[in-house]
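First up is the structure itself, then whatever we jot down about it.
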Amino acid sequence: MVAGVGNVFLGDDGFGVAVAQRLAAAPLPDGARAADFGIRGVHLAYELMNDYEGLVLVDAMRRDGPPGTLYVLEPEAGAEELPGCRDAATPAMDAHDMDPETVLRVLRRLGVRLPWVLVVGCEPAVLEEEMGLSPPVRGAVDEAARLVRELLEQRMDRGTAAADKGTDGSHA
């Protein structure tokens, strides 16, 4: 599963949404799908209960680089935080705006374990009330979509090698 998250009314926070929309417009590696979850974290949590092999979360991410810089993070299994995705002061549960960390915490509490999670982030320039992405972040959307495809293909290749040893029926 590729989940684009963010708020399109807050400038570059809509980066994940833009990448998910780009990816959803073309076929992905076998068994994978991309979806725009925006700020609908509850919907993402429910969707991830459907036996996905893994998750690529796409979001704006402050890491102190130049705007438009792409990052790939692989949180440790069971980690309570996704580095750089959201403000740690975000309330633990708000059904209308569950941040990515909260979604993963809720899944763990429900006994759902994703074999792998990757975060593809982009350094934002603007996170204020504004429609549309800034030029450097808009310019990173195609590269991020290419990167996500590459990451999925790598994971699918690993999954194919594992499937040769046995079948589990899951999807990405």
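The rows are residues; the columns are (1) surrounded by fewer than 15 Cβ atoms within 10 Å (Cβ to Cβ); (2) hydrophobic (A, V, I, L, M, F, W, C); (3) modelled with pLDDT of 85 or more.
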residue	(1), (2), (3)
Ala88	yes, yes, no
Asp94	yes, no, no
Gly121	no, no, yes
Met156	no, yes, no
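Checking each residue in region 44-60 for being over 10 Å from Val119 (Cα atoms), buried (at least 20 other Cβ atoms within 10 Å of the Cβ) and of a type in the set (D, E, K, R) picks out only Glu53.
The values are calculated or read from the model by the stated rules, or taken from the named source; none is laboratory data. Values in this document were obtained by computation on a predicted structure and should not be read as measured data. Neighbour counts run over all protein chains shown; Cβ positions are idealised from the backbone, glycine included.
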